[in-house]
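Following: one structure in structure tokens, then a few remarks.
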Amino acid sequence: MTTRKMLLIDTSLCTGCKACSVACKAWNELPAEKTQLVTGYQSQKGTTPNTWTYVSFHEKYENGKMHWLMLKLQCLHCAEPSCMKACSSKAIYQTESGYTLIDHEKCIGCGYCVTNCPWGIPQVDKAKNKAYKCTGCIDRVENGLLPACAHTCQTGAVQFGEHDAMMEKAEARLAEVKKTYPKANLYGDQLMGGTTYIYLLTDEAEAYGLPANPSMPISLSLWKDIIHPVGGIAVGAVAAAVGLGVLANAARGNYRRRVADNAEAGSHVDSYGGE
Ligand code: SF4
Ligand code: SF4
Ligand code: SF4
């Protein structure tokens with residue numbers, strides 16, 4: 001029987017080297033893309049159909065000094081994923097190991113997963129009309145290998161293991177990090193049903209450009225759980241419900257602050273990157 005897995009991303013150990021992003025591209029044979037400095041050393045605005053994990057840099061000023069908050073971001077593989085609920089073609093599914101994956105045979109590139117993900121993670125390739133995101137390296141994990149990012153990270157900032165053991169490790173590490181960073185917290189284990197990728201942050205989520213309380217858009221639940229099962233509503237109303245979800249999400253500050261248009265990266269849906 002497959003057991004639930006977990007990746008712990010310990011930002012207190014991250015040096016912003018971006019090796020995780022390169023390893024992800026190498027293993028998944030994702031082509032290189034034109035990059036530009038967004039701010040500081042950040043060279044990607046967000047995820048794209050061909051960049052499934054990237055590192056954002058955030059400047060934090062305290063007592064007249066600046067230090068970096070660095071964040072490797074990818075799909076968090078939520079236990080209750082709003083992308084899956086929003087998917088119009090039932091192309092998104094979950095594995096026993098805790099991953100949320102896209103079946104590209106079924107994906108029609110509608111983009112509802114993008115607009116309903118609190119982190120704006122999946123991105124649609126316009127040419128292929130398919131959405132793409134981190135697979136959790138399921139092909140490696142099912143063959144006893146570490147996810148490529150965890151395998152590559154040299155500082156121990158990305159760790160992989162069984163869910164319960166990793167949660168224990170995360171709690172122990174949090175207690176340690178709090179001695180230096182009193183605002184340190186775990187991000188993800190209490191969100192969206194509990195995410196498979198959890199973060200140890202040294203500061204509040206907002207300082208990393210993350211939504212503090214991401215949640216399933218109310219309009220999406222309303223449509224999928226109440227209105228749609230009753231039936232008799234025009235299909236076009238789905239778009240309206242999902243659109244409302246986006247507005248509701250934005251109003252609650254779910255989305256990370258948008259940096260700039262991501263059009264050149266080949267996505268037809270806006271992405272949300274770091275500051
Ligand atoms: S490889 Fe590790 S240290 Fe380097 S940016 Fe990624 S998470 Fe941070
Ligand atoms: S982070 Fe977004 S894309 Fe990933 S499983 Fe959660 S809702 Fe879906
Ligand atoms: S788990 Fe694999 S696909 Fe996901 S970010 Fe890491 S290297 Fe990329």
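Relative to the compact-globule estimate of 2.2 N^0.38 Å, the Cα radius of gyration of segment 1-212 comes out at 0.99. In order along segment 141-150, the phi-based Karplus estimate (6.51 cos²θ - 1.76 cosθ + 1.60, θ = phi - 60°) of 3J(HN,Hα) comes to 4, 5, 10, x, 9, 6, x, 4, 5, 5 Hz; Gly and Pro are listed as x. Derived scalar couplings between HN and Hα for segment 206-214 equal 4, 5, 9, x, 9, x, 5, 10, x Hz in order, rounded to whole Hz, by the Karplus curve 6.51 cos²θ - 1.76 cosθ + 1.60 (θ = phi - 60°), x for Gly and Pro. What relative contact order, as a whole-number percentage, does segment 32-79 give when Cα pairs under 8 Å and 6 or more residues apart are counted? Rounded, it is 27 percent for segment 32-79.
Close amide H pairs (under 5 Å, H built 1.01 Å from N) link ILE92 with ASP103, residues at least 5 positions away or on another chain.
Each of the peptides 164-170, 99-105, 114-120 was scored by the mean count of other Cβ atoms within 10 Å over its residues; in descending order, highest first, they stand as 114-120, 99-105, 164-170.
Only the coordinates and a few stated rules stand behind these numbers; no lab work does. If you're wondering where the values come from, they're calculated on a predicted model, not measured in any experiment. Note that each Cβ is placed from the backbone with ideal geometry, even for glycine, and that neighbours are counted across all protein chains shown.
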